């Protein structure tokens with residue numbers, strides 16, 4: 001799959017996933033990988049960046065199965081960014097689809 | 001790479017950050033690797049899934065708005081040489097990849113690599129010689145117009161020495177650049193050989209990335225024409241210096257083999273002679289096949 005597509009849409013997917021429910025790192029990677037196949041290494045830096053940009057906050061939960069886990073939670077700022085991205089994505093993909101349909105009709 | 005060495009290498013690359021941040025990041029990756037191991041992957045596989053550690057470190061740092069620029073200390077001329085060499089290497093590494101899909105032995109792969117490497121180097125040495133010869137001829141022509149005395153001979157001599165020295169430096173740079181790229185390429189190749197031949201996402205990613213690199217390299221040269229011309233020139237060179245002699249030796253050795261069989265039938269049992277002719281013939285034919293594949297390979301199609 002095209003790497004450029006993936007990169008553009010990754011932020012949107014990550015924000016959406018955490019918006020649905022708080023998640024810890026590995027859980028998030030697994031769930032995002034179901035939507036697009038990305039290098040797992042790139043998700044953590046993205047999480048870092050979104051946290052530094054105040055779109056996420058983190059909290060630790062002790063786990064019985066192993067080491068304490070760091071959970072990510074979306075902030076109001078994160079939600080507003082998510083909404084903006086969804087609008088941009090919808091418009092973008094709609095335009096591309098219409099363009100392709102238009103090309104097909106003219107064939 | 002083990003988990004420990006991966007994490008410590010990563011730690012070093014992130015040392016510009018505050019200790020708390022580094023500890024936080026490292027523990028996250030450590031937990032991730034542990035989770036993957038719980039899911040059944042080996043340490044090596046879990047680390048490989050992260051891809052290139054430098055790229056990863058750059059991405060992490062970019063989250064803190066730290067831009068890492070790789071400063072190239074190459075002069076324009078060195079860049080030109082490197083691009084030239086890179087193009088040749090990309091060319092034959094593509095050939096090599098298509099051939100090596102049928103090969104299973106690492107030793108044979110190394111031998112093929114070295115052979116093609118020597119072909120490319122000798123081609124480049126010959127090819128790069130041309131402008132120097134032209135320069136010399138021009139110089140000779142200009143000086144020859146003037147009076148034929150000791151002074152003009154001295155000037156000519158100095159010119160010749162000057163040209164030879166520059167040519168020598170260029171050749172050394174080509175060989176050094178070639179070896180450097182060869183080692184990089186070979187390391188990438190070794191990594192992809194360790195992965196099982198079953199469908200594996202990492203192998204695909206590495207191939208994807210190297211394809212992207214190849215595309216970027218061939219886009220970087222301003223002239224696609226130059227690139228194609230280079231391929232053609234390499235092929236012509238190979239035909240004359242290797243292919244024709246190889247075919248000649250195939251024919252000669254085949255005749256020799258026929259002769260040995262003939263004298264066998266007449267009672268002279270010379271096994272030493274038989275073995276050497278047979279062995280040489282096999283090697284010669286193998287090389288001919290290789291060079292044929294190289295020559296008739298349509299570069300660039302995947």
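Every number here is computed from the coordinates shown, using simple stated rules; none is lab data. Please read all numbers here as calculations on a predicted model, not as lab measurements. Every residue, glycine as well, gets a Cβ built from its backbone with ideal geometry; the counts of neighbours run over all protein chains shown.
Things worth noting here:
- Selected from A:83, A:40, A:91 as most flexible by GNM, with chain A as the system and alpha-carbon contacts under 10 Å: A:91
- Pairwise FRET efficiency - residue B:20 versus residue A:101, Cβ, R0 = 41 Å, nearest 0.05: 0.20
- Distance (nanometres) between label positions extended 7 Å along Cα→Cβ at residue A:11 and residue B:118: 5.4 nm
- The equivalent ellipsoid of segment A:1-61 has semi-axes of 19, 12, 10 Å, largest first, where each one is the square root of 5 times an eigenvalue of the Cα gyration tensor.
- Contour excess over end-to-end distance, with Cα ends at residue B:175 and residue B:295 and 0.36 nm allotted per residue: 40.9 nm
- Separation between Cα centres of segment A:77-106 and segment A:1-53, rounded to whole Å: 19 Å
- Compactness of chain A was expressed as the Cα radius of gyration divided by 2.2 N^0.38 Å, which yields 1.28.
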